[in-house]
Each structure stands twice: as C-alpha cells, then as structure tokens.
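Only one structure is covered here, and it is reproduced in the block below.
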Amino acid sequence: MPDFKVQTIDGKTITNKMLQGKMSIINFWFTTCPPCVAEIPGFNEIVAKYGTDKVNFISIGKNSKTEIEQFLEKHPWDFLHISNEEGIVQNIFKIQLGYPTTYIINKEGVIIKSFSGGAIGEEATAMIKEKVIPLLEKEI
C-alpha cells in the first residue's frame, strides 16, 4: 500500500502505518455512482458483523468534504470517510477509472485483493459480501 497521511471528514488523521496490525477495507467511490451507492448496505452489514476492533473500514470519496457530508445525511455508512480534496485518489492511489474500487489489505499493509465495478440493487449487497467476507474469515 502506498504511503499516505490524510484526514477524515471529521478531522481524524489516518496514515498507512496506522492501519497495520488490522485488516483494512478501503473503498473508492463517488456520490452519483449507482453501483457505489448500492454497495453501502452490504458494507454496513460487514461492519456490523466484524466490528472495527479487527478491521479498518475506510471510504475515499472522489467528492468534496461538503458533498460527502450531505450524501451521508441521507445514506448512513459506517466507514471512516475521506474526501478527495487533497487528491488522494489520483496522486496517491492512482485510480483513474473503475468505480467503485475496493482494496482489501492484510495486517502487514499489503493489498491482497482489489476489484472494481459493481452491480445495483440487492445484487450489489450480495456481491460485496461474497467478495469480502471469505477474505476476512481467512485473515482474522
């Protein structure tokens, strides 16, 4: 995983070094992306099942802090949220296309799986759980 130091939309500093020792799920998304939004219920179910003691859950939105805050008022999402105001999407992670994109990172900070694209509706919830849960079960 690349080196980074960013702040969440509520002011918490996160670095790649801080994530080590726990599994991490990092999701790249934007507010007007239907598959991105459709994955949120599945992600919330995963957070509810595994909690944050063993897994870091982070979303990196392509939108501004204000846009993400307004979105979250209508679509609660149990992840830590980072906006793209510092250019983390393009400059650090080098993501140009393919939203949503999810990285699953092991306890040592190594990306063990990444996948892009998604579905809409209930299929999105099932698909995200199918891709993420087996890796969490294996690693934690």
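General observations
- When only Cα pairs below 8 angstrom with a gap of at least 6 residues are kept, the chain shows a relative contact order of 34 percent.
- Three-way shape call for the stretch 89-137 based on the alpha-carbon gyration tensor, with the a/c threshold at 1.5: oblate
- Pairs from K22/K74; K65/K107; K54/K129; K5/K54 whose Cα-Cα separation, in the structure shown, is over 26 Å: K22/K74; K65/K107
- MRE, 222 nm, helices only [DSSP H, n ≥ 4, -39500 (n - 2.57), over the chain, to nearest 500]: -11000 deg cm²/dmol
- Length added when fully stretched, D78-E45, from 0.36 nm per residue minus Cα-Cα: 11.0 nm
- At 0.890 mPa s and 25 °C, Stokes D of the stretch 1-68 from Kirkwood alpha-carbon radius, µm² per second: 186
- Among the GluC sites (Glu not before Pro) in the stretch 68-112, those placed in a DSSP loop whose Cβ has at most 14 other Cβ atoms within 10 Å are E86, E108.
- When the Gaussian network model of the chain links Cα atoms closer than 10 Å, the mean-square fluctuations of P35, P76, P100 top out at P76.
- Taking the 1.4 Å solvent-accessible surface of the chain as the whole, the part contributed by carbon and sulfur is 49%.
- The residues of the stretch 12-140 present an accessible area of 49 Å² per residue when probed at 1.4 Å with all protein chains retained.
The values are calculated or read from the model by the stated rules, or taken from the named source; none is laboratory data. This is a predicted model, so every value here is computed, not measured. Because the Cβ atoms are built from the backbone with ideal geometry, glycine has one as well, and the counts that use them run over all protein chains shown. Ligands, DNA and RNA are excluded from the accessible area calculation, which covers all protein heavy atoms including side chains. Shrake-Rupley method; radii C 1.70, N 1.55, O 1.52, S 1.80 Å.
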